[in-house]
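Visitor: Below is a structure I'd like to ask you about.
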C-alpha cells in the first residue's frame, strides 16, 4: 500500500517500535495512571489514513500567543504543519490562560462536532475531565497532563532528560560557576527539568552553584522573568536556564542585555540571538498530535498515555548558538544520542521530592 509522510519535512523512518514510558525514564515521574495504556509513537500513515485525517475537525487551545517563540509557538507551528500536510479543518484559540477561560471554547467546539480538541497545558486538565463525559465522541488531548479519562488523552511532557542535557552544556560553559534557573509554574514536568539540569551541571562541574526562582503559575510573566534574570546576573550568574512560554521571552531579553548565555525550551530559537542563546530543547508536538489523530481514526484512543521525551525522538537538541565550540557541540550531541538509545541513564529523581524538596536526599 502507498505510504505518505506524516508531517512536513519528516523524511525520518521513525515508526519507533517502542512503548513510550517503558525503559525511557531514569526519573521516577508519574507512570501511566491506573486504567490507562501507553501508546506507540507514530510518524507515518497509509494513504487511506491520510484521507481520514483530512475529514477531521481539530481545535487547539493555547494559554498565551505563538509570539512567545516557545511553548505556544511550537504548538501552533506543529498543528499547522499537520494541517498543511493533511488538510483537516483547524481552529485555534489564544490567551486562554486557565481552564475557566478555556471551558466555553472547548464546550462550543465539542458541541459543533469537533473530533479532537487539544489543550496545550496542564491548566486544562480539570476542565477536560469535567466536560469530556458530556462529549464521548470528542477526543480531548491534554498536553503535560497525567489525570486521564476514557476520552482524555494524556501527553506527558517529560522535560527532565532535555533539562539534563542543558545542564551538561551550562556546566561546561560557565566561567563564574553560578547558574540560574527561572521557571513558570512549579509543576512536576518543569520541576523535573530544573532538578535534572542541576544534576547535569554538577556531573561535569562539581563547583557550580545555583540560583532558582519561579513565576508562580505565571508563564506569561515576561517582565517578572526578565527582572529575575537580571537580578541573578547581578549576583554572578553567567548562564541561565529558562523553562517556558513568556518566561523564555523575558530571559532572552535579559541574556542579551546583560551579555550572558541562556538556554530555553520547546522551539528551535538560537537564530533569534545566536550570540546569547546557546541551545534550546525542541519538542516535536506534531508527532504527539499525529499519534493522537492516528489512534482516534483507528478507534483505539480510549485511556491513552503518551510520553514526550528524548528517548522517543519527540524531544531533541536544537541549533547551537555561536558561543558553543564545535568540540562542545559534538560532545553534547553524543550525550543526546546516549540518552535516546539507552546507553546512559545518568540521573535519578524521585517524584516525592516535588512535595518535599527540603529533605536531605532531595538536595543536589
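Visitor: Quick check on residue 339: is it at pLDDT 95 or above, part of a helix (DSSP H, G or I) and either within 30 Å of residue 56 (Cα to Cα) or not assigned by TED's automatic domain parsing to the domain that holds residue 132 (or both)?
Guide: Details: at pLDDT 95 or above: no; part of a helix (DSSP H, G or I): yes; either within 30 Å of residue 56 (Cα to Cα) or not assigned by TED's automatic domain parsing to the domain that holds residue 132 (or both): yes.
No, not satisfied.
Visitor: Just a yes or no: is a residue in segment 160-171 under 18 Å from the mean Cα position of the chain (by Cα), in a loop (DSSP other than H, G, I, E, B), buried (at least 18 other Cβ atoms within 10 Å of the Cβ) and in contact (Cβ under 8 Å) with a residue 24 or more places away in the chain?
Guide: No, segment 160-171 has no match at all.
Visitor: Within segment 302-311, does at least one residue satisfy the condition of being under 28 Å from residue 58 (Cα atoms), crowded, with 24+ Cβ neighbours inside 10 Å and out of contact with any helix residue (DSSP H, G or I) (no Cβ under 8 Å at 6 or more places or on another chain)?
Guide: Yes, that holds for at least one residue.
Visitor: Still on this model: Among residues belonging to segment 172-187 that are in contact with a helix residue (DSSP H, G or I) (Cβ under 7 Å, 6 or more places away or on another chain) and in a loop (DSSP other than H, G, I, E, B), point out the one that is farthest from residue 246 (Cα to Cα).
Guide: Per the criteria, the residue is 187.
Visitor: Criterion first (in contact with a strand residue (DSSP E or B) (Cβ under 6 Å, 6 or more places away or on another chain) and either more than 20 Å from residue 214 (Cβ to Cβ) or surrounded by 23 or more Cβ atoms within 10 Å (Cβ to Cβ) (or both)) does residue 259 satisfy it? Steps first, please.
Guide: Details: in contact with a strand residue (DSSP E or B) (Cβ under 6 Å, 6 or more places away or on another chain): no; either more than 20 Å from residue 214 (Cβ to Cβ) or surrounded by 23 or more Cβ atoms within 10 Å (Cβ to Cβ) (or both): yes.
When the stated conditions are applied, residue 259 does not pass them.
Visitor: Applying the selection to segment 225-253, what residues are under 22 Å from residue 74 (Cα atoms) and in a helix (DSSP H, G or I)?
Guide: 225, 226, 245, 246, 247, 248, 249, 250, 251, 252, 253
Visitor: Identify all residues within segment 195-224 that are more than 27 Å from residue 94 (Cβ to Cβ) and in a helix (DSSP H, G or I); write none if there are none.
Guide: 195, 196, 197, 198, 199, 200, 201, 202, 203, 204
Visitor: Looking at (1) crowded, with 23+ Cβ neighbours inside 10 Å; (2) under 16 Å from residue 266 (Cβ atoms); (3) without any contact (Cβ under 8 Å) to a residue 60 or more places away in the chain, can you tell me which one residue 66 breaks?
Guide: Just one mismatch for residue 66, condition (1).
Visitor: Name the strands (runs of 3 or more DSSP E) wholly within segment 33-151 that hold at least 3 residues that are within 18 Å of residue 292 (Cβ to Cβ) and modelled with pLDDT of 95 or more?
Guide: Strands (runs of 3 or more DSSP E) meeting the threshold: 57-61, 89-93, 116-119, 139-143.
The values are calculated or read from the model by the stated rules, or taken from the named source; none is laboratory data. Everything numeric in this text was worked out from a predicted model, so none of it was measured. Note that we place each Cβ from the backbone using ideal geometry, even for glycine, and neighbour counts take in every protein chain shown.
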